[in-house]
Each structure stands twice: as C-alpha cells, then as structure tokens.
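The values are calculated or read from the model by the stated rules, or taken from the named source; none is laboratory data. Please read these numbers as outputs of a predicted model, since none were measured by experiment. Glycine gets a Cβ as well: all are built from the backbone with ideal geometry, and neighbour counts include every protein chain shown. Quick note on the areas: whole protein, heavy atoms, side chains included, nothing else; ligands and nucleic acids left out. Shrake-Rupley method; radii C 1.70, N 1.55, O 1.52, S 1.80 Å.
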Amino acid sequence: QGGVSMVLFFVLLHILQTDTAERSELDSDLRAALRERQFVLYYQPQLNAANRVIGAELLIRWQHPQRGLVGPGEFIDHAENTGLIIPLGQWVLEQTAAQLRHWSDEPLFRDIGLAVNISQKQFRQPGFVAEILALIERHGIAAQRLELELTETLIVHDMEDLTRKMNALVEHGVRFSLDDFGTGFSSLSHLKRLPLSKLKIDRSFICDVLTDANSETIVRTVIALGQSMGMTVIAEGVETEAQRRFLADNGCSQFQGYLLGRPMPLADFCTFVQRHNA
Ligand code: C2E
Ligand code: CA
Ligand code: CA
Ligand code: CA
C-alpha cells in the first residue's frame, strides 16, 4: 500500500516537474522569438455582400526555426499568463499601424480596415488608451482604419473602466468590435452601454447554422439585435456558399471565413485585394 502511494507520488512529482520545465522553456523561447522577430501577422479577408474586401483581421503566427509555423492556440494563453502578451500585443499594434500608414496613399488600399485582437490583460493596462492614441499620432493614420476586437470576458469584470476607456478611444475615431459574440455572458444592458460598432457572430454558431435549429435562431437573433442597435454584424468561420447565402438573406452584411479566404501572408492579401477590388 505504502509502496504504491510512494510510486504514485514520484510519478506525479515527475509530471509536475516536466510540465514546469516545458512551460519555462516555452517562456524563454517566446521571449527569444520576440527579440529575434519570429512572429508574423497573417491577414484574413473580410468581405461585404457585394464581395468587396473591406478589411482584414490580423492573426498572429510564430515562425519557429525548427517547428515551422505555430498557431496562436499554442502560445497566446501562455503569453497572457506570463505577461508577455503586453510586449507581444504592442508589437502587433506597431505592425498594424505601420501597414495602415503604408497604405494610406494607395487608392486601392487606403480604405482597408485592420482588426486587431486585444487580450484582456493588454486592455486593462493603465496606459492602454494613451498608448493607442500615441500610436495613431506617431504613424499619422486615420483612426477609423483601426478596429480593436474585444471578447465578452472583458465585460464581466469592470464595466466602468471598460466604458471609460472605450469612449475615450471612440472619441478619436477608433472602432471596437465584440468578438466571439454569443459564447460569453454579456447581457443586453452591457451591450447597450458599450460604444461598439460591430458584432462578430462566433464561428460555432455559423458552422451548424443550417443544421441546428438553435444555432439558426441565435444567428437570426444576433443579426436582428445588431441591426436594431446600429451595429455592423459580421459572421466568422463562413465555410460554405450555403451558409453565406443564409446569412446574407437574413441581413448579415460582412463575412469572414475559409470560403472567402484563409488567413494569409501580407503579400497574398495584397494580391487578393487587387483581384477583388480593382
Ligand atoms: P479568433 O479571434 O476567434 O480568430 C478566428 C480564428 O478562426 C482564427 O484562428 C482563424 O484562423 C480561424 N478561422 C477563420 N475562418 C475560419 C473558418 O472558416 N473555419 C475555421 N475552422 N476556422 C476559421 P487562429 O488564427 O488560430 O487564432 C486563434 C485565436 O488566437 C484567435 O481567435 C484569437 O483569439 C487569438 N489570436 C490570434 N492572433 C492574436 C493576436 O495578435 N493577439 C491576441 N491577443 N490574440 C490573438
Ligand atoms: Ca478575433
Ligand atoms: Ca472570433
Ligand atoms: Ca473564436
């Protein structure tokens, strides 16, 4: 009996130690990656009902020297837990602003908006508002081209601070969208108080919108809700033409998903825009 529990104890200890070792290795790898500029931003096109590209969501990838392209699912949570998300998020915003600046006098590109995912921890930084305003100023970009994606998890925490910060940025033209809408716990009263310009219907509802009656109802309701509140509604994770048609028929005005275009490197996105909007 005692022997068995001793063995179990050491097995557990070993698991814990390896886990911690792997975690701190990931941590130092991520710090090195930031220094050595191994992160890249992929652009996923967002189209309107007339099939014109109106913008892109920027999705981070890690170009790992050995492992190849690593998706955010493998490091964003970790970066959020260790605080590395702060410098990483700053890097994403810098890149975005520089790209907007670069496009500002190119007719085909100057109306393209770029949407950036903002993590909770990043948004909660006391200097967040000042930092965004400084970024816009420094790069001389039109604030309207910059869209910040927030998730509902942020809302449940501190509505007061959240609204104050959002309003301060909206006053300068920055736009906000609510990401993964429908998966969190935001109430309608929250929704009414926040200066949001866009709702993003979560992919989980889009994927079975044609086969699951509940998803269909949720999708219809969210579209109607967004419309009645004067917000743009965008569907994410659109994979089939039938889904796109259903969404468009029900008043959804923007679309993002593999059907329209996968997340792609900048050069491919530029070609994509030329093909669709020229
Ligand atoms: P998200 O913001 O919900 O991004 C959408 C995810 O769905 C992306 O995964 C995208 O590649 C994927 N996707 C888009 N269209 C389709 C589709 O038609 N079908 C399917 N099956 N998937 C689709 P990705 O790039 O792996 O990003 C995962 C998450 O990582 C994002 O979810 C976002 O929460 C986070 N993330 C990505 N980039 C950043 C970043 O720069 N900062 C922060 N804080 N988070 C980021
Ligand atoms: Ca997003
Ligand atoms: Ca999303
Ligand atoms: Ca999501």
**Request:** Scan the range 156-203 for residues that are within 18 Å of ALA130 (Cβ to Cβ) and within 16 Å of ligand 1 (Cβ to nearest atom) and jot them down.
**Result:** PHE176
**Request:** Determine which single condition GLN90 fails, assuming it passes every other condition in (1) more than 21 Å from GLY127 (Cβ to Cβ); (2) modelled with pLDDT of 95 or more; (3) of a type in the set (S, T, N, Q); (4) outside any strand (DSSP E or B).
**Result:** (1)
**Request:** Filter the range 151-176 for residues that are modelled with pLDDT of 95 or more and touching a Phe, Trp or Tyr at 6+ places or on another chain (Cβ under 8 Å) and give the result.
**Result:** LYS165, MET166, LEU169, VAL170
**Asked** Which residue pairs have Cβ atoms under 7 Å apart, sit 6 or more places apart or on different chains, and have a first residue in the range 154-179 that is farther than 18 Å from GLN125 by Cβ and a second that is within 16 Å of ligand 4 (Cβ to nearest atom) and small (Gly, Ala, Ser)?
**Response** SER177/ALA115
**Prompt:** Taking the range 228-278 only, how many residues are in contact with an Asp or Glu (Cβ under 7 Å, 6 or more places away or on another chain) and either open to solvent by 50 Å² or more (accessible area, probe 1.4 Å) or over 16 Å from LEU114 (Cα atoms) (or both)?
**Reply:** 2
**Prompt:** Which of the residues that make up the range 70-115 are within 16 Å of ligand 2 (Cβ to nearest atom), within 25 Å of VAL174 (Cα to Cα) and in contact with a Gly (Cβ under 9 Å, 6 or more places away or on another chain)?
**Reply:** GLY113, LEU114, ALA115
**Item:** Those residues of the range 164-216 which are among the β-branched types (Val, Ile, Thr) and either under 26 Å from GLY140 (Cβ atoms) or open to solvent by less than 50 Å² (accessible area, probe 1.4 Å) (or both), in sequence order
**Value:** VAL170, VAL174, ILE201, ILE206, VAL209
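Only residues that are more than 30 Å from THR221 (Cα to Cα) and without any contact (Cβ under 8 Å) to a residue 24 or more places away in the chain: list them for the range 246-267, please.
ALA267 - this is the single residue of the range 246-267 that is more than 30 Å from THR221 (Cα to Cα) and without any contact (Cβ under 8 Å) to a residue 24 or more places away in the chain.
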**Request:** Could you figure out which of (1) part of a helix (DSSP H, G or I); (2) open to solvent by less than 50 Å² (accessible area, probe 1.4 Å) isn't true of ALA115?
**Result:** (1)
**Asked** Quick check: anything in the range 11-23 exposed (fewer than 10 other Cβ atoms within 10 Å of the Cβ) and at pLDDT 75 or above?
**Response** no
**Item:** The lone exception for PHE205 - which of (1) farther than 30 Å from LEU259 by Cβ; (2) within 16 Å of ligand 4 (Cβ to nearest atom) it fails
**Value:** (1)
**Prompt:** Give me the pairs: first residue in the range 100-111 and in contact (Cβ under 8 Å) with a residue 60 or more places away in the chain, second residue part of a helix (DSSP H, G or I), beta-carbon distance under 7 Å, and six or more apart or on different chains, which are they?
**Reply:** LEU108/VAL273; LEU108/GLN274; LEU108/ASN277; PHE109/TRP103; PHE109/VAL273
**Asked** List pairs: first in the range 138-150 and touching a residue at least 60 places away in the same chain (Cβ under 8 Å) and closer than 11 Å to SER177 by Cα, second within 16 Å of ligand 3 (Cβ to nearest atom) and aromatic (Phe, Trp, Tyr), Cβ under 8 Å, 6+ apart or cross-chain?
**Response** GLU147/PHE176; GLU149/PHE176
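Got at least one residue in the range 81-89 being within 16 Å of ligand 3 (Cβ to nearest atom), in contact (Cβ under 8 Å) with a residue 24 or more places away in the chain and under 16 Å from the mean Cα position of the chain (by Cα)?
No, the range 81-89 has no match at all.
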**Message:** Return the residues of the range 48-67 that are away from ligand 2 (no atom under 16 Å from the Cβ) and either of a type in the set (Ser, Thr, Tyr) or over 20 Å from ALA33 (Cα atoms) (or both); say none if nothing qualifies.
**Reply:** ASN48, ALA49, ALA50, ASN51, ARG52, VAL53
